[in-house]
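Student: Input: one structure, supplied below.
Since every read-out is calculated from the coordinates, none of them should be taken as a lab result. For clarity, every value in this text was computed on a predicted model and none was experimentally measured. Glycine gets a Cβ as well: all are built from the backbone with ideal geometry, and neighbour counts include every protein chain shown.
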Amino acid sequence: METADTVKRKIVLVGPVYPFKGGISHYTGLMCRALKQRYEVTMVSYSMQYPRLLFRKEQRDFGNDSFKIEDTEYIINTADIFSIRKAAERINEISPELVIIQWWHPYFAPCYRILTGHLKSRVLFVCHNVFPHERFPFDRALTKMALKRGDYFILHSSKEAEELQTIMPEAAYRVNMHPTYSEFKTVENDSEAVPVDQASVLLFFGFVRPYKGLKVLIEAMSSIPEIVHLNIVGDFGGSKEEYRHLISDLHLTDRISVRDGYVPDREVGEYFERCDAVVLPYLDATQSGIAQIAFGFEKPVIATTVGGLPEVVRDGETGVLCEPGDPEELSKAIQRFYELQKETDFAANIRADAPRFSWEHMTDTIAELTGLY
């Protein structure tokens, strides 16, 4: 029989989760599992995440259920005010002490404004990005409209904390590094997708967007020894040809492989296991889930000194850092990495640094911030 001391305190977690695609879906599922070690957690997700008008690609991937959370309640239609109100009523029925909401884009501002306006519980926003990478008119106003309903905030970098304070100077927050995605190591791979077999392989992984600096990396490859091969793996979103033309113009077609499109979870491990390092040549950033997938495979990260990346990558120990936007500087950083690799045990350093990226550490941060011990 449970006593008052053993009854777990109730939390509701709101956000995308399997079968929704993407890093934030993976993040939410892993956060739910971590929180369940300490709390009674109800997972609430979307019956519809984005309208087809805004997001035409398939939003779900049923091919792998490794990140599935049993008993998830898919009850929020983000574009239906009546659905949102009913979701709030359902959450109030559960009577949690805390509602944790994933925040990453102002599209969700009206939905979360309505939801939190009807909740009786305290609210914590986990901010993957306070403001979107690709800014647009009124994004700041929309963000403030939603986040001002929060009681607490978790940020993944000091830069994000500074941005939050520009709209909420008195916000109660903590900075907690983005936890590691080590679960990809346990995902069974049944695909035939095998990366190019080369002696030295670098990996660029994830959605291709201008702010991620892929063009700088391609240009940098021109001055890197020919033994090094680059795998570009991710969804180009219709911009693939301009990158292919750049690769061709620089005569790098034999040294750069391109795999365009969404990568199912079962194929992710193949690319990370076969590379020497993961390259994040970002021109702008807050934090990076890709870096945490790399660390999950004990792979070093070559990154630029933007956003929270210098807080994540220990230069010369768990990877190499360089200034953004300069192919020559990136080329030097890559060559420096291969020189360091001869005498540096990057994998051992990544293991030693792992505690600050653990999900247990995240749970402790939430408990300390909210008082839910």
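Student: Can you give me the long-range amide H partners of Tyr74? Hydrogens built in the peptide plane at 1.01 Å from N, cutoff under 5 Å, separation of 5 or more residues or another chain.
Tutor: Excluding prolines and chain starts, which carry no amide H, the hits are Ser45.
Student: If you line up the long axis of helix 240-249 against the longest principal axis of the chain, both from Cα atoms, how many degrees apart are they, to the nearest 10?
Tutor: Once rounded, the angle reads 20 degrees.
Student: Can you tally the net charge around Gly22? Count Lys and Arg as +1, Asp and Glu as -1, for every other residue whose Cβ sits under 12 Å from the Cβ of Gly22.
Tutor: -1
Student: Hey, another quick one. Per 10 Å bin, what percent of the C-alpha pairs of the chain does each bin hold, from zero upward?
Tutor: Values per bin, smallest distances first: 5, 23, 32, 25, 11, 3, 0, 0.
Student: Moving to a separate point now. Within the set of other residues whose C-beta is less than 11 Å from the C-beta of Phe67, count the net charge using Lys and Arg as +1 and Asp and Glu as -1. Can you show the working numbers first?
Tutor: Values: positive: Lys21, Arg33, Lys68; negative: Asp61, Asp65, Glu183, Asp265.
Neighbourhood net charge equals -1.
Student: Can you work out the Karplus-derived ³J(HN,Hα) for every residue in the stretch 250-263? Use 6.51 cos²θ - 1.76 cosθ + 1.60 with θ = phi - 60°, whole Hz, and x for glycine or proline.
Tutor: 8, 6, 10, 5, 7, 10, 10, 9, 10, 10, 8, x, 5, 9
Student: Each residue of the stretch 61-75 in turn: what ³J(HN,Hα) in whole Hz from Karplus with 6.51, -1.76, 1.60 and θ = phi - 60°, glycine and Pro shown as x?
Tutor: My calculation for the stretch 61-75 gives 9, 8, x, 8, 9, 5, 9, 5, 10, 4, 6, 4, 9, 8, 10 Hz in order.
Student: Tell me which residues come under 5 Å, amide H to amide H, from Ile302 once H is placed; ignore anything under 5 positions away on its chain.
Tutor: Those lying under 5 Å, H to H, from Ile302 are Val278, Val279, Leu280, Val320.
Student: Something else about it: How big is the charge dipole of the chain about its Cα centre, in debye rounded to the nearest 20, if each Lys and Arg gets +1 on its Cβ and each Asp and Glu gets -1 on its Cβ? Each step should come with its number before you reach the end.
Tutor: Values: 42 positive and 54 negative charges, 299 e Å.
Computed about the Cα centre, the dipole is about 1440 debye.
Student: Related question: Roughly how many Å is it from the Cα centre of the stretch 229-307 to that of the stretch 76-92, as a whole number?
Tutor: Centre-to-centre (Cα) distance: 38 Å.
Student: Then there's this: Could you sort the peptides 110-119, 250-259 by per-residue average Cβ neighbour count (10 Å cutoff), highest mean leading? Write out the running numbers ahead of the final one.
Tutor: On the way: 110-119: 18.9, 250-259: 15.2.
So the order, starting with the most tightly packed, is 110-119, 250-259.
Student: How far is it, in nm, from the label point at Glu89 to the one at Lys57 when both lie 7 Å from their Cα along the line to the Cβ?
Tutor: With each label placed 7 Å out from Cα toward Cβ, I get 3.7 nm.
Student: Right, here's the next one. In sequence order, what are the phi-derived ³J(HN,Hα) couplings for the stretch 366-373 according to the Karplus relation 6.51 cos²θ - 1.76 cosθ + 1.60 with θ = phi - 60°, rounded to whole Hz, with x for glycine and proline?
Tutor: My calculation for the stretch 366-373 gives 4, 4, 5, 5, 9, x, 8, 7 Hz in order.
Student: Please find the FRET efficiency linking Ala367 to Leu250, where r is the Cβ-Cβ separation and R0 is fixed at 51 Å, and quote it to the nearest 0.05. Write out the running numbers ahead of the final one.
Tutor: On the way: r = 51 Å, r/R0 = 1.00.
So the FRET efficiency works out to roughly 0.50.
Student: Shifting gears a bit: How big is the shadow of the Cα convex hull of the stretch 183-355, averaged over all directions, in nm²? Working shown, then result.
Tutor: Details: hull surface 37.1 nm².
The directionally averaged projection comes out at 9.3 nm².
Student: For the chain, what does -39500 (n - 2.57) per DSSP helix run (n ≥ 4), summed and divided by total residues, give at 222 nm, in deg cm²/dmol to the nearest 500?
Tutor: For the chain, the value works out to -10000 deg cm²/dmol.
Student: Here's something else I'd like to know. Under a Cβ-only charge scheme (Lys and Arg +1, Asp and Glu -1), can you give me the dipole magnitude of the stretch 62-168 about the Cα centre, in debye to the nearest 20? Kindly include the intermediate steps, with their values, before the conclusion.
Tutor: Values: 13 positive and 14 negative charges, 95 e Å.
With only Lys, Arg, Asp and Glu charged at Cβ, the dipole is about 460 debye.
Student: Taking the mean number of other Cβ atoms within 10 Å as a proxy for protection, how do you rank 20-26, 169-175 from highest to lowest?
Tutor: Values: 20-26: 20.3, 169-175: 13.1.
Listed from highest to lowest mean packing, they are 20-26, 169-175.
Student: Using the basic label-point model (7 angstrom from Cα toward the beta carbon), what is the Asp71 to Leu340 distance in nanometres?
Tutor: Inter-label distance under the simple model: 4.5 nm.
Student: Treating cross-link reach as a plain straight distance, find the aspartates and glutamates whose alpha-carbon is under 13 Å from the alpha-carbon of Lys120, omitting any fewer than eight places away in the same chain.
Tutor: Glu89, Glu93, Glu97, Asp151
Student: Against the longest alpha carbon principal axis of the chain, how many degrees, from 0 to 90 and to the nearest 10, is the axis of helix 327-341 turned?
Tutor: Between helix and principal axis, roughly 90 degrees.
Student: Sort the following peptides by mean Cβ neighbour count (other Cβ atoms within 10 Å, averaged over residues), highest first: 307-316, 278-287.
Tutor: On the way: 307-316: 19.9, 278-287: 23.9.
Ranked by mean Cβ neighbours within 10 Å, highest first: 278-287, 307-316.
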